[in-house]
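Everything below concerns the one structure shown next.
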Amino acid sequence: DMLDKAADSYPNKEVLVDGTSRLTYSQLREKANRLAIGLIGLGVRPRDRVLLQLPNWSEFVYSYFALQKIGAIAVLLIPRHAQAEVNHFCSLTGAVAWIVPEKFRMTDYLPLINDVLGENTNLKRVVLVRGEGNPRFLSLENLVANAELSESNLQKLARRRPNPMEVAHMGPTGGTTG
């Protein structure tokens, strides 16, 4: 609701800037809505857990909002989580999807993705961000670009609006904040 209210009040005000993009509130809402519609099309349901492992990119923000809009539970991972941590979070949460970069800085995530998929049969979908078009996995950019903001899709999205008393996300910690 906060994103939608801000987009209604300040549609042309810039809200996000990262190394590759600049987004206004209305652009952020559009990307979140398109991704949410794409995720519904992939079969992501309310209360499904989705691993969200992205650096401080604009895609993190609209992925998070997209998951919120459809009632899925974002499991927030940091970019440096490796196979042991990701396997643990998959097992612990029963995650059905994973939004992850193909590469970030010096890390190529494809070997990690392949290893994690081999151990977690519940993980059905991998969505690559800023990838080079790996045919084995979905592309976040394609999900956003191909989702239609038709009246029927927007109504479907509105029906998926979660109860605000539901779990919104899981934020694992390494214990250092305690």
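Before moving on, here are some points about what is shown:
- Restricted to segment 9-33, and to residues there that are open to solvent by 50 Å² or more (accessible area, probe 1.4 Å) and among the small types (Gly, Ala, Ser), the residue that is farthest from the chain's Cα centre (by Cα) is Ser9.
- Positions within segment 46-61 being free of Cβ contacts under 8 Å to residues at least 40 places away in the same chain and in contact with a helix residue (DSSP H, G or I) (Cβ under 8 Å, 6 or more places away or on another chain), in sequence order: none
- Failed item, numbered, when Met170 is tested on (1) without any contact (Cβ under 8 Å) to a residue 60 or more places away in the chain; (2) within 15 Å of the chain's Cα centre (by Cα); (3) open to solvent by less than 80 Å² (accessible area, probe 1.4 Å): (1)
- Hits in segment 1-32 - residues which are basic (Lys, Arg), part of a helix (DSSP H, G or I) and in contact (Cβ under 8 Å) with a residue 12 or more places away in the chain: Arg29, Lys31
- Residues of segment 120-145 that are open to solvent by 50 Å² or more (accessible area, probe 1.4 Å) and under 16 Å from the mean Cα position of the chain (by Cα): Lys124, Arg125, Arg130, Leu138, Glu141, Asn142, Ala145.
- Segment 84-108 residues that are closer than 19 Å to Val144 by Cβ, paired with ones that are modelled with pLDDT under 95 and of a type in the set (S, T, N, Q) (beta carbon under 7 Å, 6 or more apart): Glu102/Asn134
- A single entry from Ala66, Ala74, Ala36 fulfils the requirement of being surrounded by 17 or more Cβ atoms within 10 Å (Cβ to Cβ), free of Cβ contacts under 8 Å to residues at least 60 places away in the same chain and closer than 29 Å to Thr173 by Cβ: Ala66.
The values are calculated or read from the model by the stated rules, or taken from the named source; none is laboratory data. The structure displayed is predicted, hence computed values, not measured ones. Here Cβ is always computed from backbone atoms with ideal geometry, including for glycine, and neighbour counts include all displayed protein chains. SASA here: full protein model, heavy atoms, side chains in, ligands and nucleic acids out. Shrake-Rupley method; radii C 1.70, N 1.55, O 1.52, S 1.80 Å.
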